[in-house]
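Colleague: Structure in structure tokens, see below.
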Amino acid sequence: MVILGIDVGGTHTDAVLIENFRVKKKAKVLTNERDLLDSLWKVTDDLLKEENPERLERVVLSTTISTNAIAQGKTDRVGMILVSGPGLSPSLLRINEDCHFISGYVNHRGMEIAGIDRDNVSRIGERFQRDGIDHCSIVGKFSTRNPHQEIEIHEIIATHVRHVSLGHRMSGHLNFPRRIATTFLNEAIREIYSNFVKQVSNLMHLRNISIPIYILKADGGTIDIAQSCEFPVQTILSGPAASIMGILSMVERRDDAIALDIGGTTTDIAVFAEGVPLLEAVGVTIFGHRTLVRGLRIRSIGVGGDSRVRCEDGGIVIGPEREGPAAAFGGPFPTPTDAMIVLSLTSIGERGRAKGALLPIALKMQCSVEEVAKTIFEQTCEKIASAVLDEMEAINNRPVYTIHEILEDRRLEPKILYVVGGPARPMAFRLGEMLGCPVYIPEHAEVANAIGAALARTTAEMAILADTEQGTLTIGEEGDRIAIPPRFTREDAIRIAKEKLRGRAIKMGAKEEDMAIEVTEDQEFNMVRGFYTTGKNIRVRVQVKPGLIASLRT
Amino acid sequence: MLKKERKTGLIFFPAFDWAISPTHPEREERLLYTQDQVFEEGLLDFDNIIEFKPGVAVDDDINRVHICVPDTRSVITESHLISAGGAITAAEKVMKGEVDNAFALVRPPGHHAMLVVHGARGFCNVNIEAIMIEYIRKHYGPQRVAIIDTDCHHGDGTQDIYWNDPNTLCISIHQDGTTLYPGTGFHREFGGPNALGATINIPLPPRTSDEGFLYILDHVILPILDEFKPDLVINSAGQDNHYSDPITDMRFTAQGYALLNDRLSPHIAVLEGGYSIEKALPYVNVGIILAMAGLDYSNVREPDYDPLTIRQSDEISRYVEKEAAEIYTLWGKRDLMREKLIGNAEYVRRKKPIYYDTDGISEQQEETVRVCNDCGGIVTIDSAADTGNRIFAVIIPGQSCPACRAKGEEIYTSTGKDKYNYVYLQDRERDIFLVK
């Protein structure tokens, strides 16, 4: 079995060829920001030169295309139609200039309390057309509880715009402002993302590759590339997720652990609970947009090997900005990497230049260059270690809502620290000392991201709400609202959730053997009106959790 | 609407696995729709709204406030420790300056729990606000505290606990006790001899709406707070004044609750009752959270909100105006009244029957307070319940004077167990709790 994994990062594009779960070849090229395909072409050139494309079974890509489009504002204008009802003031919900708030309201139980103004929707559609707005997002409060109004609006507006994203399709989680942001971003990057997908498909075609191609999502899971075009927003922030999945693939232990990816500009921190990377509770945040995009919980801090080091008020300041590579590689300012070179913790770069860059600081602080280097190194490690401790604290203090959970008080206690990234080797030991953890630097750490992409399984989630008083079962993300009998039970809900999730995962490209479904939420409430039980409110959430393709372990 | 944003702490603990009984109003489902609404409105994503996990209170926190018979573990469950712990967490975050104010959206509630606890009454076992206040006093020094109880039911438990404490102002605004549980909370209940005027009751007629509540706030509560000058203002935030509440008969709205909290600006709000779990709580709580955080709440309203159908009558308006004038006059005369009430008495006694409706227990109680000009005065309680328990308790108040302290210690030492199953000493000043 041969797998090709590619990670198109901001600086480098990495690729690995994996045969029988061993890295057979790896390649790294500089990313050409203006032409990602060029980078893809170059990096695969080398790897596939002597390969028979027929032997390839799987290609997985992780790409920054979505993230970059948002960062650089290379997005399309999106007309927003919002059914906000009572609650937060529209002024707090306005995401862009093209927001239209219309009448209508669905309540927390999915009951339609007020209808939409169809004529108004038509007028808005005409206005979009007149203004040349091709893209539209429709988002209603509680639309995951009843998607009907979003669907109704879509039907009216369909002829006026080229493409529409519907809020209820994005996630089963409640959070209207995040649903607005997610649906907006999904539509705003759709065009640029679809073009990328088209080009990738062409490229694979030219390389005579005809097997399924997958894209990595923010949750460290994969999705079939064709399927991903409807939900491009799910591919944001997949870069950091790729590295974390890479670490996961290279370690055997299934303990609570910390994973660090120390890069040039930033350090990413992730936490594993019994070997499974933690997910964000609601969704990831990208450039200030809080979303409902399911994603790994990764904290990024502005400290890396190339962080600019300054001397301020008699002390050392590290980062958060990166102004170029380390001085030892011709960069303009001293960096932690230069400090590590001076301390002989690594033998890369030109030591003379590193020393020269630290000299002004040494003079200012009236100490030796070595002492300055030591201070910089210590402070860099301390910054990272303290961010790790903050993150552990935050995770262990997450709010819970049942007595059982409070009394159980399961705290994560990392048993090991995994480190990847450029400065991993010189820094790992000291970080381990500071955090009181043994450290492990996985093999092929420099291409962990590509390996992670290559070996990640397809992930999916599904939330179900059954309300036997109303006699309805709602699966927001699927747009389903179906009738159920009064005797419907929690077991029924779990069974349906699993079936539906299986169907969805298969559609997304999952293999049967990777379908490790787990129940993540399972609650049942008696609904009492007056003094009689009138029904049950059942809430079930199931997922295929982030992990590696099953065959890997066999 | 531009306002100054405030940093608001939120302790949200719906106790999804606890109920008094499966069909009881105080059950698992109670905060389910509130959670849905708070999540869907995205309130936890605001930078100035921070959610904290509740702490767990310990027996000492309860013994600082209550005399639990025979002991705390016999009258509470874990859920009460978390609900009180949630209130304590709210207070800690405010006292440490991590937030400007905080809302403990927790259950089960507590404002019907009195000083002596033989069981549960009005769905309450222990008084979570009082536990929180005494925790604050223990860890952050003596404080003048004002509790504004906006639950529809008279906050009789809180009133009982602070009856003799001149440093704790208890104002309860509620539906008239002649028409609603617990049947108390009239003007004449005005505090013990050493704390006259520190208990204020404002009964309102059924069907009072936003207009009436806000009139009372502006014309009675805020002026009295101005004079009392509390260090801390606490809203004992029941939500059963709502027009859709199934067990009360008032016409307050989500918008009204938001306005009230905006104007009152409590440091800490603690959820009490409120059983319109679908039609009121989701909206009322969103309104309170936004108001506390200084965010625009003008768009918060119930989906079925219709101002015309819930307007109060002119008759009620006139009644409320008269009521406000009367109470404010009464407050002004509190010192004169004290002289008249006490005369030359050295001790003042009151006898009261207490019924624990939730647990079906009856208690007869005699409370004796030493008249004192220097502190809240030593309090003794002789209490017999039809569970067979008879107890005697001596309470030494916070900031007690030497004379009261000496007297209290003497009474505790000299009281034998011949008549009583248990004899307790609760020393609020030194945080000592003894049982024999």
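Colleague: Just to confirm the filter: which GluC sites (Glu not before Pro) across region B:326-427 are DSSP coil and have at most 16 other Cβ within 10 angstrom of their Cβ?
Modeller: The qualifying sites are B:E346.
Colleague: Starting at the first residue of region A:505-520, write each ³J(HN,Hα) from the Karplus equation 6.51 cos²θ - 1.76 cosθ + 1.60 with θ = phi - 60°, in whole Hz, x for Gly and Pro.
Modeller: Here the 3J(HN,Hα) series is 5, 4, 4, 7, x, 6, 8, 3, 6, 9, 8, 7, 8, 10, 8, 9 Hz.
Colleague: Turning to a different aspect of this structure: Under the rule of at least 5 residues apart or a separate chain, name every residue whose amide H is placed under 5 Å from the amide H of B:A269.
Modeller: The list, which skips near neighbours in sequence, is B:A102, B:F103, B:A104, B:N235.
Colleague: For A:D131 and A:I151, what does the FRET efficiency come to when R0 = 22 Å and r is the distance between their Cβ atoms, rounded to the nearest 0.05? Present the calculation step by step, with values, prior to reporting the outcome.
Modeller: On the way: r = 24 Å, r/R0 = 1.09.
The calculated FRET efficiency here is 0.35.
Colleague: Now a separate question. If I take R0 = 56 Å and measure r between the Cβ atoms of B:S362 and A:R529 in this structure, what FRET efficiency does the formula 1/(1 + (r/R0)^6) give, to the nearest 0.05?
Modeller: Working: r = 32 Å, r/R0 = 0.56.
Computed FRET efficiency for B:S362 and A:R529: 0.95.
Colleague: Once you've got the Cα coordinates, tell me which of A:K498/B:K53; B:K93/B:K138; B:K7/B:K96; A:K74/A:K198; A:K28/A:K511; A:K26/A:K507 are over 22 Å apart.
Modeller: A:K498/B:K53; A:K28/A:K511; A:K26/A:K507
Colleague: Next question, about the same structure. Farthest toward the dipole's positive end in the protein assembly as shown, which of A:G104, B:L204, A:L363, given Cβ charges of +1 (Lys, Arg) and -1 (Asp, Glu) about the Cα centre?
Modeller: Going by the charge dipole, the pick is A:L363.
Colleague: Only bridges whose two residues both fall in chain B count here: according to DSSP, what percent of them are antiparallel, nearest 5? Could you put the intermediate results ahead of the total?
Modeller: Working: 28 of 71 bridges.
DSSP beta bridges in chain B are roughly 40 percent antiparallel.
Colleague: How many Å³ per residue does the convex hull of the Cα positions in region B:316-426 occupy?
Modeller: Taking only Cα atoms, region B:316-426 has a hull volume of 155 Å³ per residue.
Colleague: Hey, another quick one. Would you pull out the residues with amide H under 5 Å of B:D176's amide H, same chain only if 5 or more places away, H placed 1.01 Å from N?
Modeller: Counting only residues 5 or more places away or on other chains, the set is B:L204.
Colleague: Among A:309-315, A:9-15, A:388-394, A:450-456, how do they line up by average Cβ neighbours within 10 Å per residue, starting with the highest?
Modeller: Most protected by this proxy first, the peptides run A:450-456, A:9-15, A:388-394, A:309-315.
Colleague: If the rule is a partner Cβ under 4.7 Å, which cysteines in chain B fail it?
Modeller: B:C68, B:C124, B:C152, B:C170, B:C372, B:C404, each lacking another Cys Cβ under 4.7 Å.
Colleague: Counting partner chain Cβ atoms within 10 Å of every residue's Cβ in A:524-534, what's the average?
Modeller: Taking the mean over all residues of the peptide, I get 4.
Colleague: Tally the DSSP beta bridges in the protein assembly as shown and give the antiparallel ones as a percent, rounded to 5.
Modeller: 55 percent
Colleague: Which whole number gives the average, over all residues in B:301-308, of C-beta atoms from other chains lying within 10 Å of the residue C-beta?
Modeller: Mean shielding count: 2.
Colleague: Which of the three applies to region A:182-293, rounded, prolate or oblate, going by the alpha-carbon gyration tensor with a ≥ b ≥ c and a/c under 1.5 meaning rounded? Write out the running numbers ahead of the final one.
Modeller: Working: a/c = 2.17, a/b = 1.40, b/c = 1.56.
Oblate, since a/c reaches 1.5 and b/c is not below a/b.
Colleague: How big is the charge dipole of chain B about its Cα centre, in debye rounded to the nearest 20, if each Lys and Arg gets +1 on its Cβ and each Asp and Glu gets -1 on its Cβ? Don't jump to the answer; show the numbers that get you there.
Modeller: On the way: 43 positive and 66 negative charges, 277 e Å.
Computed about the Cα centre, the dipole is about 1340 debye.
Colleague: Hey, what number do you get for chain B at 222 nm if only DSSP H runs of n ≥ 4 count, each worth -39500 (n - 2.57), divided across all residues, to the nearest 500?
Modeller: -9000 deg cm²/dmol
Colleague: How much mean residue ellipticity at 222 nm does chain A get from its helices, if each DSSP H run of length 4 or more adds -39500 (n - 2.57) and you divide by all residues, to the nearest 500 deg cm²/dmol?
Modeller: After summing the helix terms and dividing by residue count, I get -10500 deg cm²/dmol.
Colleague: Counting pairs of alpha carbon atoms under 8 Å apart in space and at least six apart in sequence, what relative contact order in percent does region B:331-371 give? Mind showing how you got there, number by number?
Modeller: Numbers: 40 pairs, mean separation 15.6, N = 41.
Reported as a whole number, the value is 38 percent.
Colleague: Cα extents of chain B along the three principal axes, largest first, in whole Å?
Modeller: Projected onto its principal axes, the Cα set of chain B covers 62, 45, 40 Å.
Colleague: Karplus couplings for region A:142-148 from phi (6.51 cos²θ - 1.76 cosθ + 1.60, θ = phi - 60°), rounded to Hz, Gly and Pro as x?
Modeller: Whole-Hz 3J(HN,Hα) from phi for region A:142-148: 6, 5, 6, 8, 6, x, 4.
Colleague: Right, another one. Principal axis lengths of the protein assembly as shown from Cα atoms, whole Å, largest first?
Modeller: That works out to 107, 75, 50 Å along the principal axes.
Colleague: If you don't mind, another one. I'd like the interface area for chains B and A: accessible area of each alone minus the complex, both sides summed, 1.4 Å probe, protein heavy atoms only. What is it in Å² to the nearest 100? Kindly include the intermediate steps, with their values, before the conclusion.
Modeller: Numbers: alone 16910 and 24080 Å², together 37150 Å².
When B and A are taken together, about 3800 Å² of accessible area is lost.
Colleague: Right, here's the next one. Among B:G192, B:F123, B:A113, whose Cα projects farthest towards the positive end of the dipole of region B:112-206, with charges put on the beta-carbon of Lys, Arg (+1) and Asp, Glu (-1)?
Modeller: Ranked along the dipole, the leading option is B:G192.
Colleague: On to the next question. List the trypsin sites (Lys or Arg not before Pro) in region A:339-413 that DSSP assigns to loop (not H, G, I, E or B) and whose Cβ has at most 14 other Cβ atoms within 10 Å. Which are they?
Modeller: A:R410, A:R411
Colleague: Using Cα-Cα distances under 8 Å and only pairs 6 or more residues apart, what relative contact order does chain A have, in percent?
Modeller: 14 percent
Colleague: Return the equivalent ellipsoid semi-axes of region B:245-348 as a descending list in whole Å, where each equals the square root of 5 times an eigenvalue of the C-alpha gyration tensor.
Modeller: Numbers: eigenvalues 247, 70, 42 Å².
In descending order the semi-axes read 35, 19, 14 Å.
Colleague: Does region A:258-308 classify as rounded, prolate or oblate by the C-alpha gyration tensor (a ≥ b ≥ c root eigenvalues; a/c under 1.5 gives rounded; else a/b over b/c gives prolate, otherwise oblate)?
Modeller: oblate
Colleague: So, one more: Keeping every protein chain present and rolling a 1.4 Å probe, give me the accessible area per residue for region B:265-307 in Å².
Modeller: It amounts to 21 Å² per residue over region B:265-307.
Colleague: Can you work out ³J(HN,Hα) from phi for every residue in region B:386-393, in order, using Karplus 6.51 cos²θ - 1.76 cosθ + 1.60 and θ = phi - 60°, giving whole Hz and x for Gly and Pro?
Modeller: Result, rounded to whole Hz: 6, 7, x, 7, 10, 10, 10, 10.
Colleague: Can you tell which of A:V284, A:A327, A:T337 lies farthest toward the positive end of the dipole of chain A, using +1 and -1 charges on the Cβ of basic and acidic side chains (Lys, Arg; Asp, Glu)?
Modeller: So the residue furthest toward the plus end is A:V284.
Colleague: May I ask you to compute the full-extension gain from B:Y355 to B:E315, defined as 0.36 nm times their residue separation minus their alpha-carbon distance, rounded to one decimal in nm?
Modeller: Result for the pair: 11.0 nm of gain on full extension.
Colleague: Within 12 Å, Cβ to Cβ, of B:P402, how many net charges do the neighbouring residues add up to if Lys/Arg are +1 and Asp/Glu are -1?
Modeller: Value of the local net charge: -1.
Colleague: Rounded to the nearest 20 debye, what is the charge dipole size of region A:1-82 about its Cα centre when +1 sits on each Lys and Arg Cβ and -1 on each Asp and Glu Cβ? Mind dumping the intermediate values first?
Modeller: On the way: 12 positive and 13 negative charges, 36 e Å.
So the dipole magnitude of region A:1-82 works out to roughly 180 debye.
Colleague: 7 Å from Cα along Cα→Cβ at both B:D386 and A:T520: what's the point-to-point distance in nm?
Modeller: Label-label distance for B:D386 and A:T520, simple model: 5.3 nm.
Colleague: Run the numbers on region A:1-146 and let me know its relative contact order in percent, using alpha-carbon pairs under 8 Å that are six or more apart. Walk me through the intermediate numbers first.
Modeller: Details: 228 pairs, mean separation 28.7, N = 146.
Rounded, it is 20 percent for region A:1-146.
Colleague: Separate question: What is the local net charge at A:F329, summed over the other residues whose Cβ is closer than 10 Å to its Cβ (Lys, Arg +1; Asp, Glu -1)?
Modeller: -2
Colleague: Rolling a 1.4 Å sphere over the protein heavy atoms, what is the accessible area per residue of region A:161-235, to the nearest Å²?
Modeller: I get 30 Å² per residue for this part.
Colleague: So what's the gap between the Cα centers of region B:227-276 and region A:401-478, to the nearest angstrom?
Modeller: Each part reduced to its Cα centre gives a spacing of 41 Å.
Colleague: Size of the dipole of region A:445-499 about the Cα centre, Lys and Arg at +1 and Asp and Glu at -1 on the beta carbon, nothing else charged, in debye to 20? Intermediate values should be presented prior to the final figure.
Modeller: Numbers: 6 positive and 10 negative charges, 35 e Å.
Rounded to the nearest 20 debye, it is 160 debye.
Colleague: Between the DSSP loop rule and a limit of at most 16 other Cβ atoms within 10 Å, which chymotrypsin sites (Phe, Trp or Tyr not before Pro) in region B:101-210 are left? Each step should come with its number before you reach the end.
Modeller: On the way: sites: B:F103, B:F123, B:Y135, B:Y140, B:Y162, B:W163, B:F186, B:F190; in loops: B:F123, B:Y162, B:W163, B:F186, B:F190.
In loop regions of region B:101-210 (DSSP not H, G, I, E or B), the sparsely surrounded chymotrypsin sites (Phe, Trp or Tyr not before Pro) are B:F186.
Colleague: Taking a probe of 1.4 angstrom, what is the accessible area of B:Y422 in Å², to the nearest 10?
Modeller: The accessible area of B:Y422 comes to roughly 70 Å².
Colleague: What does DSSP give for chain A in terms of the percent of beta bridges that are antiparallel, rounded to the nearest 5?
Modeller: Once the DSSP bridges in chain A are tallied, antiparallel ones form about 70 percent.
Colleague: Using the beta-carbon distance between A:R34 and A:C367 and R0 = 45 Å, what value does 1/(1 + (r/R0)^6) give for FRET efficiency, to the nearest 0.05?
Modeller: Values: r = 45 Å, r/R0 = 1.00.
Plugging the Cβ-Cβ distance into 1/(1 + (r/R0)^6) gives 0.50.
Colleague: Starting from the coordinates of the alpha-carbon atoms of region A:324-364, obtain the Kirkwood hydrodynamic radius over all distinct pairs and give the value in Å to one decimal.
Modeller: 9.6 Å
Colleague: If you don't mind, another one. Once you place label points 7 Å from the Cα toward the Cβ at A:R118 and B:K419, how far apart are they in nm?
Modeller: The two pseudo-label positions are separated by 8.1 nm.
Colleague: Counting Lys +1, Arg +1, Asp -1, Glu -1, what net charge surrounds A:E19 among other residues with beta carbon under 14 Å of its beta carbon?
Modeller: Value of the local net charge: +2.
Colleague: Now for a separate question. How far apart, in nm, are two points set 7 Å out from the Cα along the Cα-to-Cβ line at B:H187 and at B:A345?
Modeller: Inter-label distance under the simple model: 2.1 nm.
The values are calculated or read from the model by the stated rules, or taken from the named source; none is laboratory data. Being a predicted model, the structure only gives us computed values, none of them experimental. As a convention, Cβ positions derive from the backbone with ideal geometry for all residues, glycine included, and neighbour counts pool all protein chains shown. These area figures cover heavy atoms from the full protein model, side chains too; ligands, DNA and RNA do not enter into them. Shrake-Rupley method; radii C 1.70, N 1.55, O 1.52, S 1.80 Å.
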